[in-house]
Amino acid sequence: MPGPDDDGRRRYAVSATQIDTRRRTILEAAAEVIAGSGEAGCTLSAVSKASGCSVGMIQHHFGTRSELIVAAARQRIHESEQEWLAISRAETGPMERIRRLLVFAVHGERPFAEAWSFWLELYAAARRDAVLRQEINTALEVWRRFFLDVLEEAHAAGLVRATRPADRQAQLLLALVDGLALQAANETYGLTGDDMLALLFDAASDLLGHGFDS
């Protein structure tokens with residue numbers, strides 16, 4: 001028969017699933033705080049209030065505030081990676097996947113304002129914090145690979161205008177995505193998410209010599 005201590009351990013043990021759920025709850029709350037209040041507003045107390053988890057619990061799972069912010073960025077990138085992999089498994093050619101990738105950059109699983117407010121706040125914070133900048137740039141390498149992999153496939157198949165190498169074309173498209181997202185998030189020039197997508201299609205058509213439309 002198990003003793004009282006064994007029974008107590010079973011009663012209060014936390015499963016791996018519960019731990020994972022708790023970590024995701026904290027990371028989601030941190031991302032929401034960053035999107036709404038900026039990186040500077042992402043304090044442990046603010047995340048505690050948003051998540052319903054104590055500051056001590058947050059520190060137990062993530063250590064410092066800086067580590068929590070980096071973990072939130074990594075989680076968002078991981079989610080994007082899983083979403084894009086699911087999209088890209090469809091039986092389509094590289095040009096259709098490029099079109100879908102441009103759509104994904106604007107209309108992913110999360111609403112435009114929520115998704116891009118998070119990243120734009122971290123971009124701004126990373127400019128002032130070398131450690132955060134390195135972490136964010138490492139995480140975003142996954143995003144660059146989305147573009148580069150499909151462009152390399154399109155080049156190999158002879159489907160695009162090869163006036164520039166695939167990595168250069170990927171960099172140009174990424175610059176357009178980030179720049180237009182900043183404008184659309186702030187409604188600069190009255191730009192909306194749909195306007196952003198139309199401009200991305202126009203730019204990709206000119207760059208790659210292949211027409212894109214919605």
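Of note:
- Using the 1.4 Å probe convention, the accessible area of segment 99-206 works out to 52 Å² per residue with neighbouring protein chains retained.
- Seen from ALA125, the other residues with C-beta closer than 13 Å to its C-beta sum to a net charge of 0, counting Lys and Arg as +1 and Asp and Glu as -1.
- Backbone HN-Hα couplings from phi across segment 194-211 [Karplus 6.51/-1.76/1.60, Hz, Gly and Pro as x]: 5, 4, 4, 5, 4, 5, 5, 4, 4, 5, 5, 4, 5, 6, 9, x, 9, x
- Sparsely packed loop sites in segment 23-131 (the GluC sites (Glu not before Pro) outside DSSP H, G, I, E and B with at most 14 other Cβ atoms within 10 Å) comprise GLU91, GLU109.
- Here the ratio of the Cα radius of gyration of the chain to 2.2 N^0.38 Å is 1.23.
- Against the chain, whose longest principal axis comes from its Cα atoms, helix 65-88 is set at around 50 degrees.
- Comparing THR163, THR43, THR17 in a Gaussian network model of the chain where C-alpha atoms under 10 Å apart are linked, the largest mean-square fluctuation is found at THR17.
- Ellipticity estimate at 222 nm from DSSP helix runs (n ≥ 4, -39,500 (n - 2.57)) divided over the chain, nearest 500: -25500 deg cm²/dmol
- C-alpha long axis of helix 112-128 to longest principal axis of the chain, angle in °: 80 degrees
- For ARG74, the accessible surface of its heavy atoms amounts to roughly 130 Å² (probe 1.4 Å, protein chains only, rounded to the nearest 10).
- Taking every protein chain into account, the 1.4 Å probe leaves ASP194 with about 100 Å² of accessible area, to the nearest ten.
- Gyration tensor verdict on segment 15-54 (Cα atoms; rounded if a/c is under 1.5, prolate if a/b is larger than b/c, oblate otherwise): prolate
- Taking 0.36 nm per residue of separation and subtracting the current Cα-Cα distance, fully stretching the chain between GLN183 and SER205 would add 5.8 nm.
- With Cα atoms, 0 to 90° folded angle of helix 130-156 axis to the chain main axis: 40 degrees
- In percent, rounded to a whole number, the relative contact order of the chain is 19, using alpha-carbon pairs under 8 Å and six or more apart.
- Length-normalised contact order of segment 108-214 in % [C-alpha pairs under 8 Å, at least 6 apart]: 23 percent
- Segment 118-175: relative contact order as a whole-number percent, Cα under 8 Å and 6+ apart: 26 percent
- Using the Cβ-Cβ distance between MET57 and ARG127 with R0 = 22 Å, the FRET efficiency computed as 1/(1 + (r/R0)^6) comes to roughly 0.10.
- By a 1.4 Å probe calculation restricted to protein chains, ARG76 has an accessible surface near 10 Å², given to the nearest 10.
- Each residue of segment 80-182 gets 101 Å³ once the volume of the Cα convex hull is shared out per residue.
The values are calculated or read from the model by the stated rules, or taken from the named source; none is laboratory data. What you see is a predicted model, and the numbers here were worked out from it, not measured in a lab. Note that each Cβ is placed from the backbone with ideal geometry, even for glycine, and that neighbours are counted across all protein chains shown. The protein model used for the area step is the full one, side chains on, heavy atoms only, and it has no ligands, DNA or RNA in it. Shrake-Rupley method; radii C 1.70, N 1.55, O 1.52, S 1.80 Å.
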